[in-house]
């Protein structure tokens, strides 16, 4: 099960990276988000999985796809100047980061200890529990997040409107 | 579970490796693609990789609820970032008629 969702996630992300057509890349991205939601379910966290589906696969990807269609730039434009060295260097950087990180995770004693200590599946996260923690300990943060969403909305309208 | 076994059967290491690979793919998308929308999607991918790692650590610490609350805040910030980022891309497209990040090196007119 874990392997299936991990493969959906990684192949979706890889498809996004390699796809030339931007709309198809966006749809690959949705597949990756669905895979991540599946991983969250396996992590005994259905609340986060539902949020992932609603916010990422729903809201953010619809926003991105709408903008892609509005801008009518479905294909990548021809490069102004080719930077072969920079491209190889960046590919090398990403690969080195991935390889180094995986090596670190596999060799880490602390991660191994945490993995064996928490091997038993904990009770699934419930919305009730999350709500209690959120409103008991993080009420101010919750309010600030609401204010920030409002500010972002006003900012987005102000940036896209031609003349207010 | 250790080594390959943990990766194949969903141990903590497996989730962390998935998160790392996801982050690397997102980074590659930001660095290799020139369309700003693709770079934006790469950033979203990197953010999601961080979320996977966060919730994986929470599960292996006995289902910590604090992490889900943090995830809620991260998602709120990501929504703000998506709205403002896409608005900026639309604004730039209006002025320059392009979404190529090489051609839009400056935000000024």
Counted residues in the range A:1-34 being at pLDDT below 90 and crowded, with 21+ Cβ neighbours inside 10 Å come to 1
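Can residue A:58 be described as within 8 Å of another protein chain (Cβ to nearest Cβ), closer than 22 Å to residue B:45 by Cα and under 23 Å from the mean Cα position of the chain (by Cα)? Give the steps one after another, and end with the answer.
Numbers: within 8 Å of another protein chain (Cβ to nearest Cβ): no; closer than 22 Å to residue B:45 by Cα: yes; under 23 Å from the mean Cα position of the chain (by Cα): yes.
Considered against the rule, which asks whether it is within 8 Å of another protein chain (Cβ to nearest Cβ), closer than 22 Å to residue B:45 by Cα and under 23 Å from the mean Cα position of the chain (by Cα), residue A:58 comes out as no.
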Tell me, yes or no, whether the range B:24-42 has at least one residue that is touching a residue at least 12 places away in the same chain (Cβ under 8 Å), surrounded by fewer than 24 Cβ atoms within 10 Å (Cβ to Cβ) and over 16 Å from residue A:16 (Cα atoms).
-> no
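Table: residues versus (1) in the same structural domain as residue A:157 (by TED's automatic domain parsing); (2) in contact (Cβ under 8 Å) with a residue 12 or more places away in the chain; (3) under 26 Å from residue A:17 (Cα atoms).
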| position | (1), (2), (3) |
| --- | --- |
| A:39 | no, yes, yes |
| A:43 | no, no, no |
| A:52 | no, yes, yes |
| A:81 | no, no, yes |
| A:103 | no, no, yes |
| A:109 | no, no, no |
Does the range A:37-50 hold any residues that are touching a helix residue (DSSP H, G or I) at 6+ places or on another chain (Cβ under 6 Å) and in a helix (DSSP H, G or I), and which are they?
-> A:37, A:38, A:39, A:40, A:41, A:42, A:47, A:48, A:49
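Given the criteria buried (at least 23 other Cβ atoms within 10 Å of the Cβ) and either touching a residue at least 40 places away in the same chain (Cβ under 8 Å) or at the interface with chain A (Cβ under 7 Å from one of its Cβ atoms) (or both), does residue B:20 qualify?
Details: buried (at least 23 other Cβ atoms within 10 Å of the Cβ): no; either touching a residue at least 40 places away in the same chain (Cβ under 8 Å) or at the interface with chain A (Cβ under 7 Å from one of its Cβ atoms) (or both): yes.
Against the criterion (buried (at least 23 other Cβ atoms within 10 Å of the Cβ) and either touching a residue at least 40 places away in the same chain (Cβ under 8 Å) or at the interface with chain A (Cβ under 7 Å from one of its Cβ atoms) (or both)), residue B:20 does not qualify.
Looking only at the range A:150-164, how many residues end up being out of contact with any helix residue (DSSP H, G or I) (no Cβ under 6 Å at 6 or more places or on another chain) and under 24 Å from residue A:59 (Cβ atoms)? Step through it out loud before you land on a result.
Residues of the range A:150-164 out of contact with any helix residue (DSSP H, G or I) (no Cβ under 6 Å at 6 or more places or on another chain): A:150-151, A:153-154, A:157-158, A:161-164.
From what is left, the residues that are under 24 Å from residue A:59 (Cβ atoms) are A:150-151, A:153-154, A:157-158, A:161.
Number satisfying all stated conditions: 7.
Could you tell me whether residue A:106 is more than 21 Å from the chain's Cα centre (by Cα), surrounded by fewer than 18 Cβ atoms within 10 Å (Cβ to Cβ), within 9 Å of chain B (Cβ to nearest Cβ) and under 30 Å from residue B:4 (Cβ atoms)? It would help to see each step written out before you state the result.
Details: more than 21 Å from the chain's Cα centre (by Cα): yes; surrounded by fewer than 18 Cβ atoms within 10 Å (Cβ to Cβ): yes; within 9 Å of chain B (Cβ to nearest Cβ): yes; under 30 Å from residue B:4 (Cβ atoms): yes.
In short, yes.
Select from the range B:1-47 the residues that are touching a strand residue (DSSP E or B) at 6+ places or on another chain (Cβ under 8 Å) and part of a helix (DSSP H, G or I) and list them in ascending order.
B:36
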Test result for residue B:58, at pLDDT 90 or above, buried (at least 23 other Cβ atoms within 10 Å of the Cβ) and closer than 18 Å to residue A:31 by Cβ = no
Tell me which of these residue B:58 doesn't satisfy, since it passes every other one: (1) facing chain A (nearest Cβ under 7 Å); (2) free of Cβ contacts under 8 Å to residues at least 40 places away in the same chain; (3) more than 15 Å from the chain's Cα centre (by Cα); (4) in a helix (DSSP H, G or I).
-> (1)
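Do we have residue A:65 as in a helix (DSSP H, G or I), without any contact (Cβ under 8 Å) to a residue 24 or more places away in the chain and more than 12 Å from the chain's Cα centre (by Cα) here? It would help to see each step written out before you state the result.
Values: in a helix (DSSP H, G or I): yes; without any contact (Cβ under 8 Å) to a residue 24 or more places away in the chain: no; more than 12 Å from the chain's Cα centre (by Cα): yes.
Taking the combined requirement at face value, the residue does not satisfy it.
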Somewhere in the range B:67-81, is a residue outside any helix (DSSP H, G or I) and closer than 29 Å to residue A:118 by Cα?
-> no
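When you look at residue A:92, is it more than 7 Å from every other protein chain (Cβ to nearest Cβ), exposed (fewer than 11 other Cβ atoms within 10 Å of the Cβ) and within 28 Å of residue A:31 (Cα to Cα), yes or no? It would help to see each step written out before you state the result.
Values: more than 7 Å from every other protein chain (Cβ to nearest Cβ): yes; exposed (fewer than 11 other Cβ atoms within 10 Å of the Cβ): yes; within 28 Å of residue A:31 (Cα to Cα): yes.
For residue A:92, the condition - more than 7 Å from every other protein chain (Cβ to nearest Cβ), exposed (fewer than 11 other Cβ atoms within 10 Å of the Cβ) and within 28 Å of residue A:31 (Cα to Cα) - is met.
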Candidate set from the range B:87-107 (those that are facing another protein chain (nearest Cβ under 7 Å) and assigned to a helix (DSSP H, G or I)); member that is surrounded by the most Cβ atoms within 10 Å (Cβ to Cβ) = B:89
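The values are calculated or read from the model by the stated rules, or taken from the named source; none is laboratory data. Bear in mind that the values here come from a model prediction, so they are computed numbers and not experimental data. Virtual Cβ from ideal backbone geometry, glycine too; neighbours counted across all protein chains shown.
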